[in-house]
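Shown next, in C-alpha cells, is the structure this report addresses.
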C-alpha cells in the first residue's frame, strides 16, 4: 500500500480528492460511456469527491445544464446522505459547486432509477453514479450496465468476498485505509482486546442465509448479558457507542438487556435502537422517522449506545462516535471495513478523539478463517483466505535483509529474488504462493508489491481470486496479457512457468476452501517503517495485535 507523507502543517491532507477528481474527469472525457470505479474508504469523502467531479465536468463544459446525472442508491440512508451533501451550503461555498449541479444531479432509489433510464428516449442522462458499488454485481443492477451511459461506481473497496464480477472497465482512482490514516483524514483505530464469550457457535455458514439459525445461536440471554455488562462497565471510557448485531430480533433482546444493566449501573447512557424499516409500529426507540432520529442522535452529546442490524454500516456519518462494538462475526472484509468506518472519522480534535473497536468472539469450530483488524491495512481480496502478516522495520537495510531472509526461508528461486535489489521505496508488501501439492516440498513463488506496480499487481491478484472458478481454465497468455492487461515484459508475468504456478496455487487454494480446510499456501506480508515520530505507536500496535492473535486461538 502506498503510504504518503503527511503535510508539514500537521493537519489533515485532503489533496488526494483533487487527484481523484482529475482522474474521474479525464477518463470521462476520454470515454463518456466507460464504467469507472472510484475507491475511497469510509471517512475519505466518496460522496463529496464524486459531486465535485460532476461539478468540474459542468465547469469545463463536458456536461451542460440540460444534461442529467442519475445518482442511484439502494437505501434511504444513502439517499438522504447524498441529497444533504448536494445542498450543503458549506460544500457549495468551499468547493465552488457549479450553480447547475443541484438541478443536474438527481438522487433516486435503485428501482426508480431503472424506470427513469428505461423512459429516457432522448438520452438526457449522461452519467449514472452507483453509490456503494460493491452491490452492483447483483442481478438487480445488471441492466444498468447494458445501457449506453457512463457509469461511476463509488465504493470503499473494489473486491467482493464472493465470486461475482464487478462490471467496471477500470479503477479510475483508488486510495487505501492506511493512506487516509497517514494523511490524518481518518483516525487510527484502537483495537481493544477481544471479549471471548466462551460459547461454541455451530453454524455451517456465515453468509446469513438462514437468519433463524443465526438468531438462535447468537441471540442468547447468556451472550447478551456478557455484552451488556462489558459495555456499561466501560462507562468511564466509552462515550458514543454503535453496536452491530446480526438480526432485528437480536436488536430487541440486546436493547432490553442493555437497558436493565444501564439502570443497574446508574443510567450512565442513553440506550437506543434503530431498524432499517418499521417493526411493531416503530423504527427506533423514540418513534421518530429514521432521518429525524439519526439527526437527533448525531447532535446528542451525552453518552449513548445505539444498537442496529446492518443499518448504520453505510451512509451514516457521525464523527463523535468513539466506539464500535462488533457483536456479530463476519467473513466479509467489506462489511468489517464499513462497520469500523463509523468510528474512524476525524472530528478534528486529535488530542481527545478516540476510535475504539471491540469484538465479541465465539468458538466457531466449523471455520478456520476469521477476519481480523490487519485486513484494514491490506488491499487484497479475502476470497481465498490468505494469511495477512505485518512486519515492522527501521532502516532500508533492515527491510532488505528481512525480505531476503523470508525469501530464503520459503525456498524462493534466485531468479525471483533479484528484483528486491531496487524496489523503489519503503512502501513494500510481499505475497508468497505455494503451487506445489506436497506438504513436504517447500517451494514458493513471490510477488513483490511496490509503489510502481502495486495497482497492477493488486488488480491482477484480486481479479483472478474473485473469479478463480471462471479463470482457472482460461488460456493463460490471453488471461494475463489480453484480459487483465499485464505487460508482456513484466518481471514476473513474462514467464510462462510463473503464470502457471500462480494459477495453480490459487486453484489449489480454492479447492481447499471448498473442502473447509485451512489455506496455508497464500501469505501476504505488509512491511511498515517505524519512524522517529511513530515508533512507539507502531510497537504498541504490534504487541496489541500479537496479544489479540494469542488469546483468539481456539
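The values are calculated or read from the model by the stated rules, or taken from the named source; none is laboratory data. Since this is a predicted model, take the numbers as computed values, not measurements. Reconstructed Cβ throughout: ideal geometry from the backbone, glycine too, with neighbour counts over all protein chains shown.
Test each condition in (1) at pLDDT 90 or above; (2) not assigned by TED's automatic domain parsing to the domain that holds residue 252 for residue 392 and report the one that comes out false.
(1)
Across the stretch 354-389, which residue is modelled with the lowest pLDDT among those that are within 21 Å of residue 315 (Cα to Cα) and in a loop (DSSP other than H, G, I, E, B)?
Across the stretch 354-389, the extreme among qualifying residues is 354.
Search the stretch 422-447 for residues being under 28 Å from the mean Cα position of the chain (by Cα) and modelled with pLDDT under 80, and hand back the single one that is surrounded by the fewest Cβ atoms within 10 Å (Cβ to Cβ). Walk me through it before giving the result.
Our first condition is that a residue be under 28 Å from the mean Cα position of the chain (by Cα); within the stretch 422-447, this holds for 423-434, 445-447.
Subsequent filtering for residues that are modelled with pLDDT under 80 retains 423-427.
On the way: 423: 21, 424: 10, 425: 12, 426: 16, 427: 20.
Per the stated criteria, the residue is 424.
Go through the residues of the stretch 102-115 one by one and say whether even a single one is in contact (Cβ under 8 Å) with a residue 60 or more places away in the chain, out of contact with any strand residue (DSSP E or B) (no Cβ under 8 Å at 6 or more places or on another chain) and within 30 Å of residue 339 (Cβ to Cβ). I'd like the intermediate steps shown before the answer.
Start the filter on the stretch 102-115 by keeping residues that are in contact (Cβ under 8 Å) with a residue 60 or more places away in the chain, which leaves none.
Among the residues of the stretch 102-115, not one is in contact (Cβ under 8 Å) with a residue 60 or more places away in the chain, out of contact with any strand residue (DSSP E or B) (no Cβ under 8 Å at 6 or more places or on another chain) and within 30 Å of residue 339 (Cβ to Cβ), which makes the answer no.
Quick check, is residue 260 in the same structural domain as residue 208 (by TED's automatic domain parsing), over 26 Å from residue 212 (Cα atoms) and either in contact with a strand residue (DSSP E or B) (Cβ under 6 Å, 6 or more places away or on another chain) or without any contact (Cβ under 8 Å) to a residue 60 or more places away in the chain (or both)? Working first, answer last.
Details: in the same structural domain as residue 208 (by TED's automatic domain parsing): yes; over 26 Å from residue 212 (Cα atoms): no; either in contact with a strand residue (DSSP E or B) (Cβ under 6 Å, 6 or more places away or on another chain) or without any contact (Cβ under 8 Å) to a residue 60 or more places away in the chain (or both): yes.
Taking the combined requirement at face value, the residue does not satisfy it.
Here are some residues: 239, 301. Which one is outside the structural domain of residue 78 (by TED's automatic domain parsing) and surrounded by fewer than 16 Cβ atoms within 10 Å (Cβ to Cβ)? Can you show your working first?
Numbers: 239 fails: surrounded by fewer than 16 Cβ atoms within 10 Å (Cβ to Cβ).
When all the criteria are applied, what remains is 301.
So how many residues does the stretch 461-477 have that are at pLDDT 90 or above and closer than 29 Å to residue 182 by Cα?
Of the residues in that region, 1 qualify.
I'd like to check which helices (runs of 4 or more DSSP H) are fully inside the stretch 1-91 and have at least 1 residues that are modelled with pLDDT under 90. Explain how you work it out, then say what you get.
Details: elements: 16-30, 46-59, 76-87.
Qualifying helices (runs of 4 or more DSSP H): 76-87.
Considering the stretch 57-76 alone, what residues qualify as being more than 21 Å from residue 116 (Cα to Cα) and crowded, with 20+ Cβ neighbours inside 10 Å?
Step one: filter the stretch 57-76 for residues more than 21 Å from residue 116 (Cα to Cα), giving 57-62.
Hits for the stretch 57-76 are 57, 58.
Applying the selection to the stretch 322-343, what residues are closer than 15 Å to residue 191 by Cα and touching a residue at least 60 places away in the same chain (Cβ under 8 Å)?
Once the filter is applied, which keeps residues that are closer than 15 Å to residue 191 by Cα and touching a residue at least 60 places away in the same chain (Cβ under 8 Å), the stretch 322-343 yields 322, 323, 324, 325, 326, 327, 337, 339, 340, 341, 342, 343.
Mind listing just one residue for me: the one in the stretch 237-259 that is within 16 Å of residue 303 (Cβ to Cβ) and part of a strand (DSSP E or B) and, of those, farthest from the chain's Cα centre (by Cα)?
The residue in question is 240.
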